[in-house]
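Let me begin by presenting the structure, written as structure tokens, before commenting on it.
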Amino acid sequence: MRLPTVESLAEIANPVGGVALAGNPNSGKSTLFNALTGLRQKVANYPGVTVEKKTGRFYGIHGRAMDLLDLPGTYSLQTRSPDEEVSRDVLLGRRADTPPPRAIVCVADATNLERNLYLVAQLAELDVPLVLALNMVDLAEKQGIRIDVNLLEKNLGIPVVPAVASAGVGLQEIKQLLSGEKLLLPKFRAPMPEAVAAEAEELVERLLLSPLPVPLGRAYSEALLLLSLDNEAELLDVAPSAVLAAAAEAAQGRLKATGIDPASAIIEARYAWIHQACAEAVRKPTEQPATFSDTIDNVLTHKVWGWLALAVVFGLMFFCIFTVANYPMNWINAAVSWLAGTARALMPPGDLRSLITDGVIAGVGGVVVFLPQILILFFFLGLLEDTGYMARAAFIMDRVMSRVGLHGKSFIPLLSSFACAIPGIMATRTIENKKDRLVTILIAPLMSCSARLPVYSLLIGAMIPDDKVPSLAKAGIMLAMYFFGIAAAFMMASLFKSTLFRNETPLLLLELPPYRMPQLRTIAMRMWERATIFLKRAGTVILAISILLWALATYPKPTDPNAGKAEALSHSMAGQIGHVMEPVIRPLGYDWKIGIGLLSSFAAREAFVGTMAVVYNVGEDDANSVSLRHALQSQQRPDGSPVFSPLVCVSLMVYYALAMQCMSTVAVVRRETNGWKWPLFLVAYMTGLAYLAALFIYQIGHLFHLG
């Protein structure tokens, strides 16, 4: 097992940094993390797993910098998913890549205190300095819940800070507690039944004497954890050694022989301690009035009005993408044109100028122009998550998901995949059933992610002139593409669940958090983070692809110096590759130039936009060249028909909606499934599905002369 060497308990009690932030999901933990750290935070992954690692830095009242680690939300140290396993291993000091925390701040939802205190009861058994941040006390007061903080602090034996993380209430008190020269250890822990305590003490001795000794302060918690696990495979995975797993199993057997179920006895003992601590400290109204959330849910989770509200929310999002985003997009487009024109004016004609203007500026600028639309998408997703509506969307979708063999919890990763399939696939770790988790991984890339947004926008703009159709109609087409991806995901889920991954449809157990006012600062920070990632990608992956494509589209040059642009492109390496692909993609309505774009998209979907900008601007010296979408509208086949006809644009959008064209996603699936079997299957089935669907669309449309 991954147990590091131990520091002394005295050193643990004299912290110099390394504060862990723990808590139940929806407790406001991430809001508190953002409030404490601001922009001084980093996001990565824990080595070896796809669980997100969020770290930051904050300053105590004396100006001393302290590191803060935002652990994945968990209800208990007895885990059911990979992210909960990471939280458990960090808190128990089991991860070699993350030092044991010197102090823990546990965030609890004041409106549902007793359930949140179960994790506190477990953390108190770790003998690590512990602070309870009692979050959302304002909402608790509105519900008539009165909490005597001083009495609760006395009963629990740990510092308790009433807080409203979204408003910054309680931050200074938390900083003051963590800034002390010596933090006190928890005074109490839940008393266990005598027989359970005796078996736990015997396991503690074994843990302390094992080849990989457990720290003294954490051995008791480890012993109770081993006694709580009745699954043999899980026990072998959690125990430091097979010998200790056998000892724990024997201890469980002795307890069961006396009529004691160790797992139930431990849970009941902790909840009895929690109930006693809250008995006088927490006062609830005798009759619970209907809350604001209950009133709103009567509409937003209704079997009819809920669906209407869901359609309105997403319809508004896409309408804003095509209206509000137009203004900054025009500004960026003008800036890119000015930059290209300035470069042409300052540089002499030649390959270097062509590389800068037609390769770098056209390729990268053609993608960066869609940044406003990406930001609007993430703004809406952040808004839905912060308000609590995201969980309602999952609840509504459970009625549909159950028909394809999944439940609403699977839709949460699918919703995340609207932004990017990578965090969506990572979010599947909250799904307990392995078959359901794998099915969700395989269908998550079918959700239209933000990388598809520039492609959809370009093709819709090329298909529909700005002066003929209002933005509302374009938003409707965009919304239709997103619903098309959802329908395709459901179809494939139904197919997978009835063939490769047969099992019973699980019941949905989902917590609906109370509705809250969104924190614009938190949403803005997420938008900044995603914008940074997008721009880094544009400045690295897209830049590299643009330069490579410019070179492929420029060399070798035709022997005739008077050859036109079309002939020069056809003679180039990119043109030769496109011509090789053309027989395969011609049935879809695509020519060899589009084939170049399809090939580049395997690195990143949005590279199609930059590729088209490079392909249609090779040799362009006019500083006032038309925009890319107008360039697409002007392209013609040898017979005079448009290359990008409405039918071809629809066929292309369908292809991009279904195809697997993101190597980063493939890499994440490989890590998530621990092998190449399912990533290769994902690429094969999505590419085949995309080809057949695009072929059907184009051939049927062509048969009826629709384009």
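The values are calculated or read from the model by the stated rules, or taken from the named source; none is laboratory data. Because the structure is predicted, anything quoted here is derived from the model rather than measured. Because the Cβ atoms are built from the backbone with ideal geometry, glycine has one as well, and the counts that use them run over all protein chains shown.
Taking region 196-312 as the region of interest, the helices (runs of 4 or more DSSP H) fully inside it that hold 1 or more residues being farther than 30 Å from Q143 by Cα and touching a Ser or Thr at 6+ places or on another chain (Cβ under 8 Å) are 242-257, 262-279. Restricting the first member to region 346-366 and to residues that are farther than 14 Å from N333 by Cβ, and the second to residues that are of a type in the set (A, V, I, L, M, F, W, C) and not in a helix (DSSP H, G or I), the beta-carbon pairs closer than 7 Å and six or more apart or on different chains are R353/M347; I356/M347; D358/V618.
Would you call R392 among the charged types (D, E, K, R), touching a Leu at 6+ places or on another chain (Cβ under 6 Å), assigned to a helix (DSSP H, G or I) and modelled with pLDDT of 75 or more?
So R392 fits the description; yes.
Scanning for something at negative phi, among the β-branched types (V, I, T), touching a helix residue (DSSP H, G or I) at 6+ places or on another chain (Cβ under 6 Å) and not assigned by TED's automatic domain parsing to the domain that holds P413, does region 333-356 turn up at least one residue? Within region 333-356 (the criterion being at negative phi, among the β-branched types (V, I, T), touching a helix residue (DSSP H, G or I) at 6+ places or on another chain (Cβ under 6 Å) and not assigned by TED's automatic domain parsing to the domain that holds P413), the answer is yes, since at least one residue qualifies. Pairing residues of region 652-665 that are closer than 13 Å to Y590 by Cβ with residues that are in a loop (DSSP other than H, G, I, E, B), at Cβ distances under 8 Å and at least 6 apart in sequence or on separate chains, gives L652/Y590; Y656/S601; Y656/R605; A659/S601. Among residues of region 315-332 being out of contact with any helix residue (DSSP H, G or I) (no Cβ under 7 Å at 6 or more places or on another chain) and not hydrophobic (A, V, I, L, M, F, W, C), the one that is nearest to I460 (Cα to Cα) is N326.
Residue count for region 314-345 satisfying the condition of being part of a helix (DSSP H, G or I) and farther than 17 Å from M481 by Cβ: 21.
Taking the stated definitions as given, is R146 under 19 Å from H275 (Cα atoms), surrounded by fewer than 20 Cβ atoms within 10 Å (Cβ to Cβ) and touching a Lys or Arg at 6+ places or on another chain (Cβ under 8 Å)? In short, yes. Please work out if V364 is surrounded by 18 or more Cβ atoms within 10 Å (Cβ to Cβ) and part of a helix (DSSP H, G or I). Judged against the criteria, V364 is a match. Within region 339-359, not a single residue is hydroxyl-bearing (S, T, Y) and within 35 Å of the chain's Cα centre (by Cα).
Return yes or no: is F58 modelled with pLDDT of 85 or more, within 25 Å of Q519 (Cα to Cα) and not in a strand (DSSP E or B)? Against the criterion (modelled with pLDDT of 85 or more, within 25 Å of Q519 (Cα to Cα) and not in a strand (DSSP E or B)), F58 does not qualify.
Looking only at residues of region 367-389 that are in a helix (DSSP H, G or I) and aromatic (F, W, Y), we find that the one that is nearest to A524 (Cα to Cα) is F379. Residues in region 511-540 that are under 28 Å from D138 (Cβ atoms) and of a type in the set (A, V, I, L, M, F, W, C): 8 in all. Determine, yes or no, whether L300 is within 19 Å of T387 (Cα to Cα) and buried (at least 19 other Cβ atoms within 10 Å of the Cβ). The answer is yes for L300. If you filter region 561-594 down to residues that are farther than 19 Å from M653 by Cα and among the charged types (D, E, K, R), you find that the one that is farthest from the chain's Cα centre (by Cα) is E567.
For every residue, the table says whether it meets (1) at pLDDT below 85; (2) surrounded by fewer than 18 Cβ atoms within 10 Å (Cβ to Cβ); (3) closer than 22 Å to F496 by Cβ.
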position	(1), (2), (3)
A659	no, no, yes
E672	yes, no, yes
W678	no, yes, yes
Q699	no, yes, no
